[in-house]
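Worksheet: the structure to be examined is printed underneath.
The values are calculated or read from the model by the stated rules, or taken from the named source; none is laboratory data. Source: prediction; values computed, not measured. Here the Cβ is made from the backbone with ideal geometry for all residues, glycine too, and neighbour counts use every protein chain on show. Just so you know, the surface numbers come from the protein's heavy atoms only, side chains and all, with ligands and any DNA or RNA stripped out. Shrake-Rupley method; radii C 1.70, N 1.55, O 1.52, S 1.80 Å.
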Amino acid sequence: MSETAVAGGPAAGVRWDLSHLYTGPDDPQIEKDLAGALAAANAFAERYRGRVASLAAPDLARAVDELEALQEPAARAGAYAGLVFAADTQTPRHGALLQHVSERGTEIRNALVFFELEWLAADAARADALLAEPALARRRHFLAGLRRYREHVLSELEERVLAETHNTGSAAWSRLFDQIMADLSF
């Protein structure tokens, strides 16, 4: 074994520069982004709940664009928390950040789950006609992709319960695996 391999190999000391996302794990912008995304998700739900399947193509296109825009800050926070944790699983504040962002992400997803369920509940002929509309061209892949799982969704309440248990279920096992693997030396 070479000296380099024992000392951590050529990647030892390499760190990601995540400063373009946030200044650090304690950056107050993380919480601002999550709170803003939750507020936007709740406002989105007030505007569109009960109407998704009846929207005209241009209105559905605007709704999908709005959905994408309001999810971006939460996705950025989630990516940052995941990368910070992956880089250093031993620092407790990194794990706490990942847990906090995951929990807030679940709140946001639960506020928005209605959209997918209402789109999936739309009559197949109507959905196909909407997907053929030029106004939905950029969003066609997303919307058609959702419909592939039409037979595999539950009620909104059940979908919310699944989302709530994800953080303490499969995500917790994945996090434990990451922590164990990060502690191993080869």
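Annotations
- Förster radius 30 Å - calculated FRET efficiency between residue 157 and residue 75 (Cβ-Cβ, nearest 0.05): 0.75
- Accessible surface for the stretch 41-186, divided over its residues, is 57 Å² per residue with a 1.4 Å probe.
- The chain: relative contact order as a whole-number percent, Cα under 8 Å and 6+ apart: 26
- Its Cα centre serving as origin, the chain has a Cβ charge dipole (Lys and Arg +1, Asp and Glu -1) of approximately 400 debye.
- Under 12 Å, Cβ to Cβ, from residue 25 - net charge with Lys/Arg +1 and Asp/Glu -1: -3
- Helix axis angle, 170-183 relative to the chain longest principal axis, alpha carbon, degrees: 20
- With every protein chain in place, the chain: carbon and sulfur % of accessible area (1.4 Å): 58
- On Cα atoms only, tilt of 28-48 relative to the major axis of the chain in degrees: 20
- Residue separation of residue 83 and residue 129 scaled by 0.36 nm, minus their Cα-Cα distance, works out to 12.5 nm of gained length.
- Cα long-axis angle, helix 156-166 against the chain (0 to 90 degrees, to the nearest 10): 0
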